[in-house]
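Single-structure report; data block below.
Just so it is clear, none of the values below were taken in a lab; they were calculated from the coordinates. Because the structure is a prediction, the values reported are computed rather than measured. Because the Cβ atoms are built from the backbone with ideal geometry, glycine has one as well, and the counts that use them run over all protein chains shown.
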Amino acid sequence: MINIYTGLKYIPKDKEYVEDNESYFVKYALKGTEYDRKVLDEIDRATYSSADRFKDRLGAEVFISCLSMSSKTLLNLGNYPDIVFNCDEMGENAFEFALCNLTDCNMCFTDGVTYEIPEYISLDDIMFNGKIISNIDELEE
Amino acid sequence: MINISMEAYGRPFSIKLKSGIYVFPTIGGTGKSYAADLLKTMQLENVLVVEYSKNKRIMENMLAEACSGKYDLVYMDRTDRYMNEDLFDDLLKISGDTTIVLDMKKRPDYTYGKMRISSIYFGKEGVDVF
């Protein structure tokens, strides 16, 4: 299940929350899985080289800290499905990528979700603040 | 007005914008942070690149410098980590003479109508911010 929290107060007390995707990602590095490679390709137009390096779109091999924040957040979300990650720095394209490619993850937008959920995504697969909703307007109630 | 056209890592880099506050579209992986790195490498006197630091004192000093009005271009990366209304107001005050470029995914109410959209191209031909 994809869990989306629209504020820190909605995160269950027993869940670990990571505010800074950058340092968490650099600490645990790339896994080289199919998912990792897809994120690199679709978000950064980059290719996997090793746990701590990737080839950017110009063909230069660089350290993983040079990946975009969107990719770092997506990689954290996909590789650690039990942890809630801050998603404030994730781009609209990365948000859509997460909804299309992940089945288990925990996202937190500290001031609510800024991006629209594409119509082709079923709300049945997403929990908002711990609840299944049938209409996105219910979130504002 | 800022108009930089240089080589960085053997590829053209250019940024051409009038004064004001600019924000990139909310798309990830477009090269915003890469452009920040290149600008920082160039070490131009009239350009300040603000990067996020967890160290509060470093961040405060950097933001004070950003609002000083000493630079023609202030390029601020990852502003979702540190932007607030007071800081935005201070940037607005210098935006008549300074070009301010923000990497900002969240768009708080206090920014409405006060920012222009800039674009970035990052490809084999180089990096272009316009």
Here the relative contact order (percent) of segment B:1-76, from C-alpha pairs under 8 Å and at least 6 apart, is 27
Distance in Å, no decimals, from the C-alpha centre of segment A:108-129 to the one of segment B:1-45 is 32
For segment B:55-96, the dipole about the Cα centre with charges only on Cβ (Lys and Arg +1, Asp and Glu -1), to the nearest 20 debye, works out at 180
From DSSP H assignment alone, runs of 4+ in chain B each adding -39500 (n - 2.57), the sum over residues rounded to the nearest 500 puts [θ] at 222 nm at -7500 deg cm²/dmol
Violations at 24 Å Cα threshold for listed pairs A:K31/B:K40; A:K15/A:K131; B:K18/B:K105; B:K40/B:K124; A:K72/B:K32; A:K31/B:K106 -> A:K31/B:K40; A:K31/B:K106
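So what is the relative contact order of chain B, in percent, for Cα pairs below 8 Å that sit 6 or more residues apart?
Details: 221 pairs, mean separation 49.3, N = 130.
Normalised by residue count, the contact order of chain B is 38 percent.
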Mean shadow area (nm²) of the C-alpha convex hull around segment B:27-124 is 6.6
Quick calc of log₁₀ I(q)/I(0), the protein assembly as shown, Debye, one scatterer on every Cα, no solvent, q values 0.08, 0.12 1/Å, result -0.34, -0.77
As straight-line cross-link partners of A:K55, the qualifying aspartates and glutamates (C-alpha separation under 19 Å, not fewer than 8 residues apart within one chain) are A:E22, A:E34, A:D36, A:D41, A:E42, A:D44, B:D37, B:E125
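What do you get for Rg/Rh of segment B:1-75 when both radii come from the Cα atoms and Rh is the Kirkwood radius? Display every interim value, and only then the final one.
Working: Rg = 13.0 Å, Rh = 13.6 Å.
For segment B:1-75, the value is 0.96.
Could you give me D for segment A:18-141, from Stokes-Einstein at 10 °C and 1.306 mPa s, where the hydrodynamic radius is the Kirkwood radius over C-alpha pairs? Units µm² s⁻¹, please. Numbers along the way, then the final one.
On the way: Rh = 15.1 Å.
Stokes-Einstein gives a translational diffusion coefficient of 105 µm²/s.
Quick one: putting +1 on the C-beta of Lys and Arg, -1 on the C-beta of Asp and Glu, what dipole do you get for the protein assembly as shown around its Cα centre, in Debye to the nearest 20? Write down the numbers at each step before the final one.
Numbers: 31 positive and 46 negative charges, 176 e Å.
The dipole of the protein assembly as shown has a size of about 840 debye.
At 20 °C and 1.002 mPa s, grab the translational diffusion coefficient of segment A:1-81 from Stokes-Einstein with a Kirkwood Rh over Cα pairs, rounded to a whole number in µm² per second. Show your work: numbers first, answer last.
Working: Rh = 13.5 Å.
My calculation gives 159 µm²/s for D.
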Rounded to the nearest 500, the 222 nm mean residue ellipticity computed for chain A from DSSP H runs (n ≥ 4, each -39500 (n - 2.57)) alone is -8500 deg cm²/dmol
Whole-Å distance linking the alpha carbon centroid of segment B:73-119 with that of segment A:49-78 is 27
